[in-house]
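A short reminder: the numbers here are calculations on the coordinates, not readings from a lab. Worth saying up front: this structure is predicted, and the values here are computed from it rather than measured. All Cβ positions, glycine included, derive from the backbone under ideal geometry; neighbour counts span all protein chains shown.
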Amino acid sequence: MGKTFSEKILGQKVGKDVVPGEIIEVEPDVAMSHDNTAAISKTFYKIGVDQVYKPGMHVVILDHCTPAANEKFAENHKDIREFVRKQGIRNFYDIHVGICHQVMHEKGHVWPGALIVGSDSHSTSYGAFGAFSAGIGRSEMAAIMARGKIWLRVPETIKIVVDGEFPEAVSAKDLMLKIAREIGADGALYKAIEFCGPTIDRMSVASRFVFTNMAVEIGAKAGYMIPNQATLGYLKDRVSQPFEVIESDPNAEYEAEYHFDVSTLEPMIAKPHTVDNVVPVSEVKGTRIDQIFFGSCTNARVEDFEIVAEILRGKRVHPDVRMLVFPASQEVYLEVLKKGWIQELVEAGCVIMNPGCGPCMGNHEGVPANGEVVLATSNRNFKGRLGNKESFVYLVSPRTAAMSALTGKIEDCWY
Amino acid sequence: MLIKGKVWKYGNDVNTDVIFPGKYTYTITETAEMAKVALEDLDPEFAKNVHKGDVIVGGTNFGCGSSREQAASCLVYSGVGAVIAKTFARLYFRNCINFGLPALTSPKAVDALKHGESIEIDTDKGEIRCKAGVFKFPPLPKEVVGIFDAGGLIPYTKKQLGL
């Protein structure tokens, strides 16, 4: 019987054959943490160790509340800056660089075949580049700082095969929401997901990222794709170490297999308050909206800006709507700035914010009022997610967000 | 270990945002304060009325969402003795082990248990005892039982390092 990518990558790490269900102790190649590094550092020192086991393994990126919203966040950031300086953690990115899951690959900390952990649930994202990557807790990151190791259960793997050409106006986000609807929020609990098929192979780096980023929303431990040519080209000048693409064997065993054909897919939307509460946008068309959150690690890259700028160019955001725009990173920001899209969005009435997580977990920068409806291009719409449990969050593609911005109501861009 | 208390029963997909809201993840750090906001967006009565040894019962995918371990630790600080669910989200299950909070999987017990009833859990025997009878739950994998027995990941790591 052949092996899946997870069995191969994890097996390489322990130097033996591993099977699903087996629990192993491994040393990750890369360990990412963000604003929670302050809390992690305190736990680390509680263990009784002075020196981080391998400073070069760690990447620390400030993004969750940047710039600091109040003195608590400011102290938190200050503690982190002191910690990385003291511990010689050179892979540190301060508040201007961007969202951790974007910065990780932009700065070359992600490569095919790598084993990556992050103290953030969306650390499943890096599988889009052929890595095995999973989220972990804060204490687990502190333990890695102390002894370099973590236990992982070798997961079973689910295969999701995607075929067909996207209709115009339908994109990766619509498909991912459809997958969440079909498989459910717990459909891939503890499992690895391998996304494959001709449609996935043809997609851009940014679009592919949407799937591994949101794999955790259907319960997955890791998401994975065989890096396509676009991905390898993207990584070429960013990654300095040699790597080997690790693919599942053709006769590998999958626990389940799902097939999706996108050729008849409509724009989809996740209604409050769960990510799998998904319907075609047409079903909620006309719902009045108060705010748009165009940002997050899911959908705030250059191709997303291209779509939004195209729709808003020369037009005005509806006067009853506040449209908040957060580029995923400094790199994305500079590129869309050079293309002139930022100016067009400002002229349309958008509020341009700094790269970062923004209101995604309700810290700052766009908390909705009671009863308000928010259209978000992000990945989670749980009750209270944006900081107010009396608000209503719908998850959509950047296109649906931009179309709706013009009329102040949820618009179906299906035509 | 024997855990005795009352049942707080909730539904499927109880997520980390309703257990410990994201807006507090960097601002509320004292254990007593964390206990006060536990389950704030799901059940405002919980934190005011929970007693030591009480047990939270959820459906499928309990603890889905964020990796924030405060969603496990705030329950420990509020006195919760265990969580029973049909299934647990992966990160939540890990965080429970790492904080020494028993996260027990027993779909049958979940179906049988009623909100507010008395419950007794014997972790050594792997038994949940309640009005409807006795339900068994599977033990932790042997590779991670050491973490739980040490009282969580940090005491376990100390032990591993001989500290």
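Can you tell me the dipole magnitude for the protein assembly as shown around its Cα centre, using point charges on the Cβ only (Lys, Arg +1; Asp, Glu -1), in Debye to the nearest 20?
1360 debye
Under a plain spin-label model, where a point goes 7 Å from the Cα along Cα-to-Cβ, how far apart in nm are A:Arg147 and A:Val279?
Using points 7 Å along Cα→Cβ, the separation is 5.2 nm.
Would you calculate the separation in nanometres between label points at B:Asp149 and A:His259, each defined as 7 Å from the Cα along the Cα-to-beta-carbon direction?
Computed distance between label sites B:Asp149 and A:His259 equals 5.0 nm.
Enumerate the aspartates and glutamates that A:Lys338 could reach by cross-link, defined here as Cα to Cα under 17 Å, with residues fewer than 8 away along the same chain left out.
Straight-line reach from A:Lys338, under 17 Å: A:Glu303, A:Asp304, A:Glu306, A:Glu310, A:Glu347.
For segment A:5-259, build the charge dipole from Cβ charges (+1 Lys, Arg; -1 Asp, Glu) around the Cα centre, then report which of A:Ala131, A:Thr199, A:Gly184 sits farthest towards its positive end.
A:Ala131
Under 25 °C and 0.890 mPa s, how fast does the protein assembly as shown diffuse according to Stokes-Einstein, given a Kirkwood radius computed over C-alpha pairs? Answer in µm²/s, whole number.
Result for D is 103 µm²/s.
Hey, can you grab everything whose amide H is under 5 Å from the amide H of A:Phe92? Only 5+ residues off in sequence or another chain; H modelled, so Pro and N-termini drop out.
Correct list: A:Val60.
Taking H as built 1.01 Å from N, whose amide H comes closer than 5 Å to the amide H of A:Met323, not counting residues under 5 places away?
A:Ile292, A:Val351
What net charge do the residues around A:Val279 carry, taking every other residue with its C-beta under 9 Å from that of A:Val279, with Lys and Arg at +1 and Asp and Glu at -1?
+1
Can you give the extra length, in nm with one decimal, that the chain gains between A:Glu182 and A:Asp17 once fully stretched, where that is 0.36 nm per residue apart less the Cα-Cα distance?
My answer for the length gained is 56.1 nm.
In segment A:189-276, what GluC sites (Glu not before Pro) fall in a loop by DSSP, with at most 11 other Cβ atoms inside 10 Å?
Within segment A:189-276, the qualifying GluC sites (Glu not before Pro) (loop, at most 11 other Cβ atoms within 10 Å) are A:Glu244.
Quick one: Cα centre-to-centre distance for segment A:45-75 and segment A:279-294, in angstrom?
37 Å
Once Lys and Arg get +1 and Asp and Glu get -1 on their Cβ, which of A:Gly349, A:Pro250, A:Met225 lies farthest toward the positive end of the dipole of chain A?
Highest projection toward the positive end goes to A:Gly349.
Using a simple charge model, +1 on the beta-carbon of Lys and Arg, -1 on the beta-carbon of Asp and Glu, nothing else, what dipole does segment A:5-259 show about its Cα centre, in debye to the nearest 20?
For segment A:5-259, the charge dipole is close to 960 debye.
Roughly how big is segment B:2-161's charge dipole about its Cα centre, with Cβ charges of +1 (Lys, Arg) and -1 (Asp, Glu), in debye to the nearest 20?
In total the dipole reaches around 340 debye.
Output the direction-averaged projected area (hull surface divided by four) of the convex hull of the alpha-carbon atoms of segment A:255-355, in nm².
8.8 nm²
Which ³J(HN,Hα) values in Hz, rounded to whole numbers, follow from the phi angles of segment A:283-295 under the Karplus curve 6.51 cos²θ - 1.76 cosθ + 1.60, where θ = phi - 60° and Gly and Pro get x?
Coupling constants for segment A:283-295: 6, 10, 3, x, 5, 5, 10, 10, 8, 10, 10, 9, x Hz.
Among B:82-93, A:371-382, how do they line up by average Cβ neighbours within 10 Å per residue, starting with the highest?
Descending packing order for the listed peptides: B:82-93, A:371-382.
Which value in nm describes the separation of the simple spin-label points at B:His115 and A:Arg81, placed 7 Å from the Cα toward the beta carbon?
Label-label distance for B:His115 and A:Arg81, simple model: 4.8 nm.
Just want the ordering: A:Cys196, B:Cys74, from fewest to most Cβ atoms lying within 10 Å of their own Cβ.
Exposure proxy ranking, most exposed first: A:Cys196, B:Cys74.
Going by C-beta contacts inside 10 Å, put B:Leu101, B:Leu75 in order with the fewest on the left.
Going from sparsest to densest Cβ surroundings: B:Leu101, B:Leu75.
Could you state the number of Å between the C-alpha centres of segment A:76-121 and segment B:46-125?
Their Cα centres are 32 Å away from one another.
May I ask you to evaluate 6.51 cos²θ - 1.76 cosθ + 1.60, the Karplus curve with θ = phi - 60°, for each residue of segment B:122-131 and list the ³J(HN,Hα) values in order in whole Hz, giving x for glycine and proline?
Result, ordered by residue: 10, 6, 5, 8, x, 10, 10, 10, 8, 4 Hz.
Where the centre of each part is set by its Cα atoms, how far does segment A:361-385 sit from segment A:178-195, in angstrom?
So the separation of the two Cα centres works out to 23 Å.
Can you compute 3J(HN,Hα) from phi for each residue in segment A:106-112, using the Karplus curve 6.51 cos²θ - 1.76 cosθ + 1.60 with θ = phi - 60°, rounded to whole Hz and x for Gly and Pro?
Rounded to whole hertz, the list is 4, 9, x, 8, 10, 8, x.
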